[in-house]
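Structure first, then comments.
The values are calculated or read from the model by the stated rules, or taken from the named source; none is laboratory data. Note that the structure is a prediction, hence the values are computed from the model and not measured. For neighbour counting, all protein chains shown are included, and Cβ atoms are generated from backbone atoms with ideal geometry for every residue, glycine included.
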Amino acid sequence: MIDVLIAGGGYVGLSLAVSLKKAAPHLAVSVIDGAPEGAWKRDERASAVASAAERMLDVLGVWQAIAPEAEPIRRMVITDSKTSDPVRPVFLTFDGEGEEGRPFAHMVPNTAMVGALRAACEEFGVTVRQSTMVETFESGDHSVAVTLAGGEQLEARLLVACDGVRSKLRDAAGIKTVEFDYGQSGIVTTVEHERPHEGTAEEHFLPAGPFATLPLKNNRSSLVWTERTTDAERLVKGDDFLFEEELERRFGHRLGHLKVVGGRRAFPLGLTLARDFVKPRFALAGDAAHGIHPISGQGLNLGFKDVAALAETIVEADRLGLDIGSLAILERYQSWRRFDTFRMGVTTDVLNRLFSNDITPVRIARDFGLGLVDRLPSLKSFFIRQAAGIAGDADPRLLSGQPI
């Protein structure tokens, strides 16, 4: 029998598998990934890894492999303007340290992160199966019976769904969600520029939504460009000249000539919050539990917080000889994560509504608020610690840099 069966082979599913096997090598852990073999190598995106998540990856022994590809965010600049404004006044800046000597975040190519986690899975003896998925499951008193696509049957003590924001397993478990469609899409691509970015990330609040530039290695930046869905689809499907012209209007010329060096894709943006994170012998983690707006850059880090909390819950229960799949055990994980997830979902929802518009009184009020924060060091310090994922003593051990 498998102890923990994880559905989903992204960064959440893989990091959960590594966390469990590193802390409790005797546990039998398997990952079922529906993507074709090698599909992760074609992912051109990059993600912001907060300081707390970096510490977790370091404890798991994978950060050393990721670090050569990671670019520290040394400074954060926030502006608020119209797309046509010739000058974008800076209302708020953050230094890049969440703690002394440690950047509050790094930008990491997804291929580097997933590749390092896959290597760790192989090292620790995690079984990773590709090109199949969990089709159905049925929870019993002592195990969960799982049927894969193709009919193969498996038995596990616990099934964890890490299968994304449109999780089929969440629906199969009967877990309801709170959902809202923003009518926006996030265009993701990579650009190369003439002048160095010097580790500066910028977020420009424009009427259609935030336009974020995030530093990568070798004079490149990752873009997360929010537009109304119809405009985003037009830009992604349009010709290169039109796309680069609209890009330059938003990016500006401070870093010299721009060249798009990655593919461009648009992802619909919305808010999705699961009403429950657990059922008997079943748990949600990552985007299957919560999908939020990228305005704060915290989506990936919420997933890593789920991993740290769920792994600690499972390992401690196992050490005490308790049933790791029982609802009583899993509810500890739910109570640990649900409020924080709800708080972050509400925060990003409010921020998106506040900044994705061009209503003059609202603009004046928000710019005054940004300027006020910029003048209060203690408040800036609070926000930077939040961005770094540093919450305090309530953090799971892995996020504090301690092994389980």
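Worth a mention:
- Among residues of the stretch 155-177 that are in contact (Cβ under 8 Å) with a residue 60 or more places away in the chain, those with a Cβ under 8 angstrom from a residue that is of a type in the set (Val, Ile, Thr) and part of a loop (DSSP other than H, G, I, E, B), sequence gap 6+ or separate chain, pair up as Arg157/Ile324; Leu158/Ile324.
- Reported count of residues in the stretch 214-256, each being assigned to a loop (DSSP other than H, G, I, E, B) and more than 22 Å from Ile73 (Cα to Cα), is 2.
- Under the condition of being under 24 Å from Gly263 (Cβ atoms) and outside any strand (DSSP E or B), the residues counted in the stretch 197-208 number 2.
- So Gly174, is it over 15 Å from Val4 (Cβ atoms), part of a loop (DSSP other than H, G, I, E, B) and more than 27 Å from the chain's Cα centre (by Cα): no
- Pairs where the first residue, in the stretch 118-143, is within 10 Å of Lys21 (Cβ to Cβ) and the second is among the small types (Gly, Ala, Ser) and not in a loop (DSSP other than H, G, I, E, B), C-beta under 6 Å, 6+ apart: Cys121/Ala17; Val126/Ala17
- Lone qualifier among Ala67, Ala52, Ala17 - being part of a helix (DSSP H, G or I), farther than 23 Å from Gly125 by Cα and modelled with pLDDT of 95 or more: Ala67
- Among the candidates Ala201, Ala266, Ala208, residue that is among the small types (Gly, Ala, Ser) and over 22 Å from Met107 (Cα atoms): Ala208
- Ile6 fulfils the conditions (1) among the hydrophobic types (A, V, I, L, M, F, W, C); (2) in contact with a strand residue (DSSP E or B) (Cβ under 8 Å, 6 or more places away or on another chain); (3) surrounded by fewer than 24 Cβ atoms within 10 Å (Cβ to Cβ) except for a single criterion, (3).
- Residue within the stretch 287-297 that is charged (D, E, K, R), more than 20 Å from Phe94 (Cα to Cα), out of contact with any strand residue (DSSP E or B) (no Cβ under 7 Å at 6 or more places or on another chain) and surrounded by 17 or more Cβ atoms within 10 Å (Cβ to Cβ) present: yes
- Put simply, of His293, His257 the only residue that is closer than 25 Å to Asn219 by Cα and in contact (Cβ under 8 Å) with a residue 12 or more places away in the chain is His257.
- Candidate set: the stretch 49-73, residues that are touching a helix residue (DSSP H, G or I) at 6+ places or on another chain (Cβ under 7 Å) and small (Gly, Ala, Ser); chosen: the one farthest from Met107 (Cα to Cα): Gly61
- Check on Glu203, out of contact with any Lys or Arg (no Cβ under 8 Å at 6 or more places or on another chain) and farther than 20 Å from Arg366 by Cβ: no
- Counted as qualifying within the stretch 99-159 are the strands (runs of 3 or more DSSP E) with 1 or more residues that are modelled with pLDDT of 95 or more and surrounded by fewer than 13 Cβ atoms within 10 Å (Cβ to Cβ), namely 134-139.
- Some residue of the stretch 171-185 being of a type in the set (Gly, Ala, Ser), within 28 Å of Leu271 (Cβ to Cβ) and in contact with a helix residue (DSSP H, G or I) (Cβ under 7 Å, 6 or more places away or on another chain): yes
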